[in-house]
Amino acid sequence: MAYRHSPENGFSLYEKREELRRVIQSKHFANSPKKSRFLEFIAEQTFQGKSEKLNEYLIGTEVYDRGADFDQQKDPIVRVQAHEIRRLLKKYYDEEGSESLIRMELPSGHYVPVFSRMAQPDPEEDAAGTPKDDAGVADARRGRVSRLNRALLAATVALAAVCVVLAVLLVRSRAAQEAAGTQARPAAALPANLDWFWHPFLPPADAPLIVIPNHPLLRAAHGGDSEQTWASGHEIPKTSLPEFRDTIHFHELKRFVFVPSLTDFTSVGETLGLVDLCEMFFRLGDTCRVQQSRLLDFDEIKDNNVILLGGNQSWSGRVFLNVQGFQFQDGVIINRSPKPGEKALYKPEFDPVTNQLTRDYALVLMLPNERKENRVLLIYGIYTQGSQAAIEFLSTPEKLAQLRAALAELSPDHKTIPQYFQVLLSTTVENAVPGNATVVAVRAVAN
């Protein structure tokens with residue numbers, strides 16, 4: 001039975017990275033760190049839209065540590081290794097990856113990887129006749145297709161069952177409404193103390209996309225940690241963890257010292273805050289769109305109202321570039337222009353005996369998006385407790401009344417609220433649970 005490749009079409013970044021991961025972890029590449037690094041480097045450059053920069057010189061200097069005087073004409077290391085990688089890729093898809101529906105290839109003479117999807121078998125070509133001496137190969141292929149078909153059938157049946165259940169629930173819900181003689185209630189009006197802040201994200205504007213971060217469970221230590229925390233860490237060379245290459249940690253931290261934690265970077269605070277946000281939007285008749293940061297591309301960020309939760313995701317740093325005022329970096333908050341009574345640096349505080357977090361800080365940024373009618377709202381604490389406290393602050397009418405008053409003081413008439421602004425918040429923490437957040441400082445952001 002013959003297979004055809006369909007050209008690269010409709011692949012998500014996640015699908016490509018998953019296929020890259022499978023290839024690198026295969027027996028053909030697992031024991032070849034330089035070949036794996038080669039493949040990973042050219043793939044990541046392509047994922048980041050830098051494929052036009054890929055050439056022999058760049059690969060030689062970045063992957064094989066050749067110096068600035070690297071002469072690819074005299075040193076064929078890149079061409080030789082590329083040839084070997086193509087051979088290993090073929091072996092992988094002939095063996096371990098034979099049932100993969102995605103294929104990663106490195107075309108001859110090029111250094112930009114290509115992803116193609118395995119098309120369904122062509123029944124007419126198969127009916128036209130498979131040579132008898134290839135009967136064993138055909139049987140093996142038919143076996144693979146049969147297993148795939150059974151998996152697809154099982155998935156289809158499961159999906160159909162879910163649809164039936166949802167349909168039944170919908171019918172019952174409507175029947176219950178009709179029996180009670182009720183109509184769907186209109187969306188509640190937002191109190192004035194909330195509306196001034198949230199109206200850019202409410203109907204008739206598009207529902208915002210709410211993004212939650214993906215953190216490692218064994219988290220990387222940063223500049224905001226105590227000495228005790230650093231002392232309990234375990235250092236792993238950054239080159240040994242290519243999976244973290246897209247994280248903000250990889251770019252900001254000079255060393256990867258990992259510390260075990262059940263509370264600090266768990267995203268529990270962001271998740272609990274997410275519930276508060278969704279409940280507020282639901283009450284107003286709006287939807288709550290949630291996405292993982294690793295499955296999000298920059299075009300989606302630019303084309304939507306977006307709420308970014310948690311500072312340890314690459315999108316936070318991208319949108320945050322060149323913003324005046326406060327800056328979140330390496331686990332601390334830098335205040336570039338301290339006003340009277342303010343600090344130049346805000347660091348978390350810890351109990352000297354238990355090393356438990358006792359105070360956290362959070363930043364809130366309301367910024368313009370690519371389209372000026374849309375907003376980007378960043379809400380993140382140094383630790384997850386700060387994020388949770390900040391979200392609770394922004395969904396509490398009394399707290400937002402305080403913030404409105406503080407922002408009004410920035411204008412000459414002490415009444416006008418700046419369209420775009422930064423807010424630095426502080427919260428106490430006890431037993432890894434945040435207390436009430438308070439405003440430390442505010443800044444207007446120029447249009």
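Structure values in brief
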read-out	value
E392, sole failed condition from (1) acidic (D, E); (2) surrounded by 15 or more Cβ atoms within 10 Å (Cβ to Cβ); (3) more than 21 Å from A192 (Cβ to Cβ)	(3)
Residue match in the stretch 391-410 (condition: over 27 Å from V275 (Cα atoms), among the basic types (K, R) and more than 28 Å from the chain's Cα centre (by Cα))	no
Residues located in the stretch 188-213, provided they are open to solvent by less than 60 Å² (accessible area, probe 1.4 Å) and modelled with pLDDT under 85	A188, L190, A207, L209, I210, V211, I212, P213
Which numbered condition G381 misses (of (1) of a type in the set (G, A, S); (2) open to solvent by 40 Å² or more (accessible area, probe 1.4 Å); (3) in contact with a helix residue (DSSP H, G or I) (Cβ under 7 Å, 6 or more places away or on another chain))	(2)
Any chance N355 is in contact (Cβ under 8 Å) with a residue 24 or more places away in the chain and either under 24 Å from the mean Cα position of the chain (by Cα) or closer than 30 Å to F282 by Cα (or both)	no
Among the candidates T354, T438, T428, residue that is among the β-branched types (V, I, T), at pLDDT below 90 and within 22 Å of V268 (Cβ to Cβ)	T354
Residue in the stretch 56-69 that is touching a Phe, Trp or Tyr at 6+ places or on another chain (Cβ under 6 Å) and within 22 Å of I102 (Cβ to Cβ) present	no
Residues of the stretch 282-291 that turn out to be open to solvent by 60 Å² or more (accessible area, probe 1.4 Å) and either farther than 19 Å from F201 by Cβ or part of a strand (DSSP E or B) (or both), as a count	2
Subset of the stretch 331-378 [farther than 21 Å from L407 by Cα and open to solvent by less than 10 Å² (accessible area, probe 1.4 Å)]	G331, D360
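The values are calculated or read from the model by the stated rules, or taken from the named source; none is laboratory data. Please read all numbers here as calculations on a predicted model, not as lab measurements. Because the Cβ atoms are built from the backbone with ideal geometry, glycine has one as well, and the counts that use them run over all protein chains shown. What goes into the accessible areas is simple: the full protein's heavy atoms, side chains included, and nothing from ligands, DNA or RNA. Shrake-Rupley method; radii C 1.70, N 1.55, O 1.52, S 1.80 Å.
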